[in-house]
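Participant: So that we are looking at the same thing, I have put the structure below in structure tokens.
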Amino acid sequence: MRLLMLVLLTAVLAGPPEAESCGPFLTVAQFSYVATPPQDVFARGQLGILRPKYYRRYLVVAFRYLTGAPLSQEEAAAFSFRRLAVPASTAPLTPVAQWIEARNRVPGVTAIRAIDQYRSLHDLAPMDRRGKKRTPYFESYQNCLDDAFARATQTLRERAARWGVTSSQLAEWVRGQDAVFNNCHGGEVLLPALPPEVDSLLRADRRYQIAAAEFYAEQYEAAEKDFGAIGREVDSPWQDLAEFMVARTLIREATVGEDEGKLTEAQRALDSIIANPQKAKWRNAARGLRDFVTARLDPDGQILALSERLMRSESGPEFAHALSDFTVLWDKRDGAPPSETELADWIATFQAQHWEHALERWRARPNDAWLVAALSSVPHDNPAVPELLAAAQRVRVATPAWASAVFYGISLELARGEIEAPRKWVDQALTTNPPPDVRNEFLAQRMTLARSWEEFLRYGARTPVALGGDLDPDAPVEYYGPVYRSRKHLFDTDFTIPLNLEAPLERWVDAASTNLLPPDLQADIAQAGWVRAVVLDRIPQAQALAARLATLRPQLRTPLQAWLGEKDPKAAKFQAILLMLRTPGLQPAIRDKFGRVTAVNRIDDFRDNWWDLSEPGSVSEKAPRFLPGPERAAGQKEWRRLRAEALRAPDYLCRETVLWARAHPDDPIVPEALHLAVRTTRYTNGARTSTSPKQAFALLHTRYPKSKWAAMTPYWY
């Protein structure tokens, strides 16, 4: 808890950095955003389809736009700010590095290389103030903030200009400042005062350095006393800052020192600075600290104040600070805060999908914010739905609420079992050229209404807008390299499952050549369709798909043309098996999203090789019925036969290879084929297989024991 509040204090003083997660996650294509849509676009009011799971900072911005209070240019820039990684050679020096560089240039000063700004929280007392045994912990906090180093660097330049870079006064000043920063990480260096005969400015600096050293050494009572004394010295150059530092010291006593009573004293000290026109240059910093203090003393009251502040336009960079504090305070609560402001009320209602309250508020104040909240949550059979749908249809295309109103409105129509009204609505929405994530959702809605093969194809292609998974969603596609950036079109499960489980091969041939799909998706269908046709011994369809695939995937052209030129059906079948053995990316079913991203002829490091049809999914009750009944029955029959013949690639490929090897023992390619067949069991996902792999292994070592392929196959799996 103490560490959390120290982090909040750092955010107040230094600005809220964006939180990011890290780790080796397998990539999953997203066709819409889960929690964090692109900040820069969102900050300009292009809200897309609002989701209850969006982070609250986004919902604050959404509420501003939905209620006619758009962000100013400064507010938008503050919201969308993101620290970008830059090459070390071009990155500006940090304040700590600037200080080290400046002090190392002073003649006679021993050079230093680094300063650790963080100090560990130590807890030597076995009992707390209430007599309870303390729990050991290992925490640290940023003891010396960047501003301290920036101020020290600036003061060093000023003192060098006054005393001279080689002067004894400057050397003494640097020694004092070194002692101050030695306490950042864990020291307790306390400085002596300088004698009266020393330069008066140096003595004033030293008094401030003494107080600062005490502050960083966690000697808070002494620091408070000494900063207070400096604040009463009207001729000290540190008077104003020392008065501000008294308040900071009181806050450190309350947080690091766990003396909560000091917060009230800190609040009074900060109020004094804010109210004093002569302290104007410290007013913004004092307000930031006062927000922190108020958040500790009255968190719900601070959330209320921040709610009101966030709704004021033209707050500039302070918008980001208020937004950060607002979300942190909300996150600390067990539930939603008191809904005394409309902003907090709307966010809590939208996230919890409280449709009754949303409907009540919309009727009382019919704005777009409450309309979206009601549309997204109201039951489809509620009597208010026609009224809400009529309101959604009146939302203009150019407004921030349009995409959400249309999406949730169409969803309600679909849930009510309507067909013509949502079909007309979504068709009109698709003509407006919506952004990719919104278009993907409209395409998915339109897909559920497909009543012909042509419509099924027309609405099948989707554009990936992000990558991620449950732990790390919404990562930009460009972060993951050219393999992902190159795929502009993908399929989702609403296309792949019906195609795999219900479409007969004649339809696969058609889909591989239609201009209703982009060429890369035609290639995916041709590739999987060819494997399927080979397994099912559907030679005319296999030949048509092979010819198309040779055009769309040039890397497969040579072996496919060789297969097409083979006149003996049995030899052609083995040639196809050999191509599958050599090409780990071949499989008889279309994959959704990115599917397998490793090159088709390379082994995937995560064993995503060949196929396993044991968990195919199932066609949803709401899936489109785009084929006539007899065709759908034929496709289902083909799927059942495909699974019966080749449920798992290792079993099928090993069995077919063994059959050919036994019938053609003198074929010079047989040893290689047997080796490759056994290899399939090593590099698939480990599913339990039949005896076929062992048979291939035994045949290889019995008949061809001295071949290089036997030497390369020491085990079967």
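Participant: Please go through segment 602-646 and give me each residue that is touching a Phe, Trp or Tyr at 6+ places or on another chain (Cβ under 8 Å), closer than 20 Å to D537 by Cβ and among the charged types (D, E, K, R), ordered by number.
Facilitator: Hit for segment 602-646 is E645, nothing else.
Participant: Is it true that E621 is free of Cβ contacts under 8 Å to residues at least 24 places away in the same chain and not small (G, A, S)?
Facilitator: Numbers: free of Cβ contacts under 8 Å to residues at least 24 places away in the same chain: yes; not small (G, A, S): yes.
Yes, satisfied.
Participant: Do the conditions hold for L359, that is, is it over 29 Å from the mean Cα position of the chain (by Cα), surrounded by 15 or more Cβ atoms within 10 Å (Cβ to Cβ) and closer than 21 Å to L50 by Cα? So that I can check it myself, show each step before the final result.
Facilitator: Values: over 29 Å from the mean Cα position of the chain (by Cα): yes; surrounded by 15 or more Cβ atoms within 10 Å (Cβ to Cβ): yes; closer than 21 Å to L50 by Cα: yes.
Spelling it out, L359 is indeed over 29 Å from the mean Cα position of the chain (by Cα), surrounded by 15 or more Cβ atoms within 10 Å (Cβ to Cβ) and closer than 21 Å to L50 by Cα.
Participant: So, one more: Can you give me the number of residues within segment 222-263 that are of a type in the set (S, T, Y) and part of a loop (DSSP other than H, G, I, E, B)? Reasoning before the result, please.
Facilitator: Initially, segment 222-263 is screened for residues of a type in the set (S, T, Y), giving 236, 249, 255.
Pick out the ones that are also part of a loop (DSSP other than H, G, I, E, B) and you get 236.
Of the residues in segment 222-263, 1 are of a type in the set (S, T, Y) and part of a loop (DSSP other than H, G, I, E, B).
Participant: Let me ask something additional. Return the only residue of S452, S404 being surrounded by fewer than 21 Cβ atoms within 10 Å (Cβ to Cβ) and among the small types (G, A, S).
Facilitator: On the way: S404 fails: surrounded by fewer than 21 Cβ atoms within 10 Å (Cβ to Cβ).
Criteria check complete, one pass: S452.
Residues checked against (1) touching a Phe, Trp or Tyr at 6+ places or on another chain (Cβ under 6 Å); (2) open to solvent by less than 20 Å² (accessible area, probe 1.4 Å); (3) not in a loop (DSSP other than H, G, I, E, B):
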{"residue": "A348", "(1), (2), (3)": "no, no, yes"}
{"residue": "A374", "(1), (2), (3)": "yes, yes, yes"}
{"residue": "N382", "(1), (2), (3)": "no, no, no"}
{"residue": "A390", "(1), (2), (3)": "no, no, yes"}
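Participant: Restricting segment 586-638 to residues that are among the small types (G, A, S) and modelled with pLDDT of 95 or more, which is farthest from V678 (Cα to Cα)? First the steps, then the outcome.
Facilitator: As a first pass, look at segment 586-638 and keep what is among the small types (G, A, S): 589, 595, 599, 614, 617-618, 620, 623, 629, 633-635.
Remaining after also requiring modelled with pLDDT of 95 or more: 589, 633-635.
Numbers: A589: 22, A633: 36, A634: 34, G635: 31 Å.
Only one residue fits best here, namely A633.
Participant: Still on this model: Of everything in segment 32-74, what is outside any helix (DSSP H, G or I), among the basic types (K, R) and over 15 Å from W370 (Cα atoms)? Give them in sequence order. Walk me through how you get there before you give the answer.
Facilitator: Step one: filter segment 32-74 for residues outside any helix (DSSP H, G or I), giving 32-38, 44-55, 67-72.
Filter again for among the basic types (K, R), leaving 44, 51, 53.
The answer is R44, K53.
Participant: Would you point out the residue of segment 573-587, among those that are among the aliphatic types (A, V, I, L, M) and touching a residue at least 24 places away in the same chain (Cβ under 8 Å), that is surrounded by the most Cβ atoms within 10 Å (Cβ to Cβ)?
Facilitator: Pass one, segment 573-587, residues among the aliphatic types (A, V, I, L, M): 576-581, 586.
After this cut, where a residue has to be touching a residue at least 24 places away in the same chain (Cβ under 8 Å) as well, the list is 576-578, 580-581, 586.
Working: A576: 23, I577: 23, L578: 23, M580: 28, L581: 24, L586: 23.
Looking at the filtered set, the residue picked out is M580.
Participant: Another question, then. Would it be correct to say that F407 is under 31 Å from the mean Cα position of the chain (by Cα), at pLDDT 95 or above and among the aromatic types (F, W, Y)?
Facilitator: On the way: under 31 Å from the mean Cα position of the chain (by Cα): yes; at pLDDT 95 or above: yes; among the aromatic types (F, W, Y): yes.
In short, yes.
Participant: Return yes or no: is D235 open to solvent by 60 Å² or more (accessible area, probe 1.4 Å) and not hydrophobic (A, V, I, L, M, F, W, C)?
Facilitator: Details: open to solvent by 60 Å² or more (accessible area, probe 1.4 Å): yes; not hydrophobic (A, V, I, L, M, F, W, C): yes.
Here the answer is yes, as D235 does meet what is asked.
Participant: For segment 313-338, which positions are over 21 Å from the mean Cα position of the chain (by Cα), buried (at least 17 other Cβ atoms within 10 Å of the Cβ) and among the polar types (S, T, N, Q)?
Facilitator: Matches in segment 313-338: S315 only.
Participant: Would you say A211 is in contact with an Asp or Glu (Cβ under 6 Å, 6 or more places away or on another chain), among the small types (G, A, S) and open to solvent by less than 40 Å² (accessible area, probe 1.4 Å)? It would help to see each step written out before you state the result.
Facilitator: Working: in contact with an Asp or Glu (Cβ under 6 Å, 6 or more places away or on another chain): yes; among the small types (G, A, S): yes; open to solvent by less than 40 Å² (accessible area, probe 1.4 Å): yes.
Considered against the rule, which asks whether it is in contact with an Asp or Glu (Cβ under 6 Å, 6 or more places away or on another chain), among the small types (G, A, S) and open to solvent by less than 40 Å² (accessible area, probe 1.4 Å), A211 comes out as yes.
Participant: Among the candidates T327, T264, which residue alone is of a type in the set (V, I, T) and out of contact with any helix residue (DSSP H, G or I) (no Cβ under 6 Å at 6 or more places or on another chain)? It would help to see each step written out before you state the result.
Facilitator: Working: T327 fails: out of contact with any helix residue (DSSP H, G or I) (no Cβ under 6 Å at 6 or more places or on another chain).
Criteria check complete, one pass: T264.
Participant: Somewhere in segment 205-213, is a residue at pLDDT below 95, in a helix (DSSP H, G or I) and aromatic (F, W, Y)?
Facilitator: So the first thing to find is which residues in segment 205-213 are at pLDDT below 95, and the list is none.
No, because not a single residue in segment 205-213 is at pLDDT below 95, in a helix (DSSP H, G or I) and aromatic (F, W, Y).
Participant: If you don't mind, another one. In segment 459-483, what count of residues is obtained for those that are closer than 20 Å to D604 by Cβ, touching a residue at least 40 places away in the same chain (Cβ under 8 Å) and surrounded by fewer than 17 Cβ atoms within 10 Å (Cβ to Cβ)?
Facilitator: Final tally of qualifying residues: 3.
The values are calculated or read from the model by the stated rules, or taken from the named source; none is laboratory data. Since the structure is predicted, the reported quantities are computational estimates derived from the model, not experimental observations. Quick reminder, even Gly has a Cβ in these numbers, built from the backbone with ideal geometry, and neighbours come from all protein chains shown. Heavy atoms of the whole protein, side chains included, go into the accessibility calculation; ligands, DNA and RNA do not. Shrake-Rupley method; radii C 1.70, N 1.55, O 1.52, S 1.80 Å.
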